[in-house]
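The structure under discussion appears below in the form of structure tokens.
The values are calculated or read from the model by the stated rules, or taken from the named source; none is laboratory data. Since the structure is predicted, the reported quantities are computational estimates derived from the model, not experimental observations. Cβ coordinates were reconstructed from backbone atoms using ideal geometry, including for glycine residues, and neighbour counts include every protein chain displayed.
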Amino acid sequence: MMRLLSLVLLLFATSGIAQARLTIEITGGVEGAQPIAVVPFGRLDGAQPGADLASIIAADLARTGRFKPMPPRDMLMTPHRAEEIDFREWELLATNNLVIGEIRPAASGGYRIDYSLFDVFGGKQLLSSSLQSNEQSLRLSAHRMADAIYEKLTGDPGVFSTRIAYVTSVGRGTPNERVTLRVADADGFNPQTIVDSPDPIMSPAWSPDGRKLAYVSFEHRQSAIYIQELATGRRTKIASYPGINGSPAFSPDGARLAMTLSKDGNAEIYVMDLGSRQLTRLTDHYAIDTEPAWSPDGGTLYFTSDRGGHPQIYRIPANGGAAERVSFEGDYNAAAEVAPNSRALVLVTRTAGRFHIALDQLGSTTRRLLSPGPLDESPSFAPNGSMVIYASQNNGRGVLAVTPIAGGSGQRLTQDVGEVREPAWSPFLR
Amino acid sequence: MKKPLFILLASLILTPLLSGCPTTPTQSDTGLTGEELDAMGGGYDSATTAGVDAYSRSPLEDPSSPLYQRVIYFGYDTSAIDPKYANLLRAHADYLARTADASVVLEGHTDERGTREYNLALGDRRADAVRQFLVTEGVPAQKIRTLSYGEERPAEVGHSERAYSLSRRVELVY
């Protein structure tokens, strides 16, 4: 059943700019979600943190659709330390797991946070840890705790402390259109403007260290690829050749940038060594070759080509060689990205005139549609490979959607004004 | 971009005076040779005094001139130029070839269906098809720049066939 849970969230940009607000809804059923209780953290020695750590952790876990946190008002007790827990109480409330914690001022300034995770029915501690934080990084600290809890309970690393880059457009189709490249936390909080322009911005791509974004901008009626440092805003123009400057993709080691250029006649794949700025041309075909995507080992580039008459996915050795077709089902397959475990591709496919996100197992003909269409595009894997974020349409408006690879409930991210598109999920940020 | 207009205006106004030949404003610019246009360059300053009326006689601004139409449209997922645009493009080629300082940016566009970067390449291919047509018709390649916007700048926002067919286009921007 596809019940729409308008669970969670809120959230206002720190800047207070109305158009910077993102809202996340959980879509789909939550049957089979594991009950868990995240008890409001104890505040010691006059600590007055500006964020409710337990509610942030609970919201993170709820958004995955795999957990159903207990509302604090249903909790009969609020333990903060292991010795205060009465497991029988929590068994009666039928909660599988329990998270407790405390926050106190640290001697060195900021806060010290201690937290623990328990298996209620086994009566045992699964995780106990502590971390340093400060007023500005309380949300990040909560996301890191949620990451650790999620990993302990599912075996997969959590991605709550990662970020998402996306492009927004306000006033599309009017002379006053503003296009903005933003980065926000994975829960939509803390949106940060990277670049704002009256001209189109496209194809944001993360550096593997999560500190830079490459993107395509059309400032001054020229297309160009830029690389911009997020912390400083400093940016470098990487490519501004005649014709297309598009599809930037960092190699997994961060030393090279794959891109599409048409300076030599038509759209071809090139790889630039970012140290020397030297370009190597990888494809040479009168057809369109574009949308390069690296394999996680950096040895192969997957790309879109219509050399067979329709767009299909091909691959080519990253150091050059012969191209080999890898997608065969349907007559429109494009914009592939390789799963972090290298076993699958996520891509855009057209079926009966509708564009869906699909998951193709590499080395087999197994395909699964991950999205309903009709205009879904720009898929990007979460760094743990458990979810895909993509651009979609809702009531004719551009929105983002997140779907778990394993199935189950998804998320929809909307901006209160204008459109959101071209999501790119960051790598793990350490 | 203003200068070629003024030169052309200067040509239209001054040619009858200088050469005595019976060129009238209703004739298209094809009534002038490239040499005549070049020769008119010296009349640039006097043309500026010709005023707004003369300005409106630029064929680019004249609704009855084929040069007034500066958008051509394409079928779905194709960069083939519809033969019905051949005369229109020849008129532009003629103008570009004969007008010393004229240059054009060919902006390629697509509808929203399909991936953004593939559409960027498709828009590039459309602009390049028009570029090749103009070059074949005698326009020096250095007078032409192509710029694909892919699906980023739709002519009409929406998900209708009408919006799609209006958006699949190349615009000739002088």
- Message: If a residue must be hydroxyl-bearing (Ser, Thr, Tyr) and within 13 Å of chain B (Cβ to nearest Cβ), how many such residues does the range A:244-271 contain?
- Response: 3
- Message: For the condition surrounded by fewer than 21 Cβ atoms within 10 Å (Cβ to Cβ) and in contact with a Pro (Cβ under 6 Å, 6 or more places away or on another chain), what is the one hit in A:ALA47, A:ALA58?
- Response: A:ALA47
- Note on the structure: Inside the range A:197-214, the number of residues satisfying the requirement of being part of a strand (DSSP E or B), out of contact with any helix residue (DSSP H, G or I) (no Cβ under 8 Å at 6 or more places or on another chain) and farther than 29 Å from A:ILE26 by Cα is 2
- Query: Within the bounds of the range A:242-251, is there any residue that is touching a residue at least 24 places away in the same chain (Cβ under 8 Å), among the hydrophobic types (A, V, I, L, M, F, W, C) and under 20 Å from A:ASN333 (Cα atoms)?
  - Reply: yes
- Item | Selected residue [surrounded by fewer than 23 Cβ atoms within 10 Å (Cβ to Cβ), among the aliphatic types (A, V, I, L, M), out of contact with any helix residue (DSSP H, G or I) (no Cβ under 6 Å at 6 or more places or on another chain) and farther than 25 Å from B:ARG125 by Cβ] from A:ALA287, A:ALA339 | A:ALA339
- Selection from the range B:79-103 of residues within 21 Å of B:GLU151 (Cα to Cα) and of a type in the set (A, V, I, L, M, F, W, C) yields B:ALA80, B:ILE81
- Message: Of everything in the range A:366-393, what is in a loop (DSSP other than H, G, I, E, B) and either among the polar types (S, T, N, Q) or not assigned by TED's automatic domain parsing to the domain that holds A:ARG343 (or both)? Give them in sequence order.
- Response: A:THR366, A:SER371, A:ASN384, A:SER386
- Note on the structure: Scanning the range A:375-415 for residues that are more than 13 Å from chain B (Cβ to nearest Cβ) and of a type in the set (S, T, N, Q), the one nearest to A:GLY173 (Cα to Cα) turns out to be A:GLN415
- Query: Would the range B:144-167 turn up any residue that is more than 25 Å from A:VAL216 (Cβ to Cβ) and within 11 Å of chain A (Cβ to nearest Cβ)?
  - Reply: yes
- Query: Of B:THR115, B:THR136, which residue is assigned by TED's automatic domain parsing to the domain that holds B:SER167 and within 22 Å of A:PRO248 (Cα to Cα)?
  - Reply: B:THR115
- Flag if A:PHE355 is outside any strand (DSSP E or B), of a type in the set (Phe, Trp, Tyr) and more than 30 Å from A:ASP273 (Cβ to Cβ): no
- Task: Answer yes if at least one residue in the range A:171-180 is within 13 Å of B:GLU152 (Cβ to Cβ) and free of Cβ contacts under 8 Å to residues at least 12 places away in the same chain, and no otherwise.
- Result: yes
- Is it true that B:SER64 is among the hydroxyl-bearing types (Ser, Thr, Tyr), more than 14 Å from chain A (Cβ to nearest Cβ) and over 28 Å from A:PRO379 (Cα atoms)? yes
- If you take just the strands (runs of 3 or more DSSP E) that sit entirely in the range A:63-144, which of them hold at least 2 residues that are closer than 16 Å to A:ASP52 by Cα and either modelled with pLDDT of 95 or more or not assigned by TED's automatic domain parsing to the domain that holds A:ALA37 (or both)? A:97-105, A:111-119, A:124-133
- Task: Within the range A:336-346, track down each residue that is part of a strand (DSSP E or B) and either farther than 23 Å from B:TYR76 by Cβ or outside the structural domain of A:ILE389 (by TED's automatic domain parsing) (or both).
- Result: A:GLU337, A:VAL338, A:ALA344, A:LEU345, A:VAL346
- Task: State which residue is farthest from B:SER58 (Cα to Cα) when the search covers only the range B:87-112 and only residues that are within 14 Å of chain A (Cβ to nearest Cβ) and surrounded by fewer than 21 Cβ atoms within 10 Å (Cβ to Cβ).
- Result: B:VAL105
- Task: State whether one or more residues within the range B:114-122 are more than 10 Å from chain A (Cβ to nearest Cβ) and either surrounded by 16 or more Cβ atoms within 10 Å (Cβ to Cβ) or not in a loop (DSSP other than H, G, I, E, B) (or both).
- Result: no
- Item | Breaking point among (1) surrounded by fewer than 20 Cβ atoms within 10 Å (Cβ to Cβ); (2) of a type outside the set (A, V, I, L, M); (3) not in a loop (DSSP other than H, G, I, E, B), for A:THR349 | (1)
- Item | Scan of the range A:189-221 for residues that are surrounded by fewer than 23 Cβ atoms within 10 Å (Cβ to Cβ), hydroxyl-bearing (Ser, Thr, Tyr) and within 14 Å of chain B (Cβ to nearest Cβ), ordered by number | A:SER197
- Message: Can you confirm whether A:ALA33 is surrounded by 12 or more Cβ atoms within 10 Å (Cβ to Cβ) and modelled with pLDDT under 95?
- Response: yes
- Message: Filter the range A:286-306 down to the residues that are touching a residue at least 40 places away in the same chain (Cβ under 8 Å) and either closer than 16 Å to A:ALA335 by Cβ or among the acidic types (Asp, Glu) (or both) and list them by number.
- Response: A:THR290, A:GLU291, A:PRO292, A:ALA293, A:TRP294, A:SER295, A:ASP297, A:LEU301, A:TYR302
- Message: Would you confirm whether or not the range A:171-183 contains a residue that is on the phi > 0 side of the Ramachandran plot and out of contact with any His (no Cβ under 9 Å at 6 or more places or on another chain)?
- Response: yes
- Query: If you go through the range A:328-343 one residue at a time, do you hit one that is more than 14 Å from chain B (Cβ to nearest Cβ) and modelled with pLDDT under 95?
  - Reply: yes
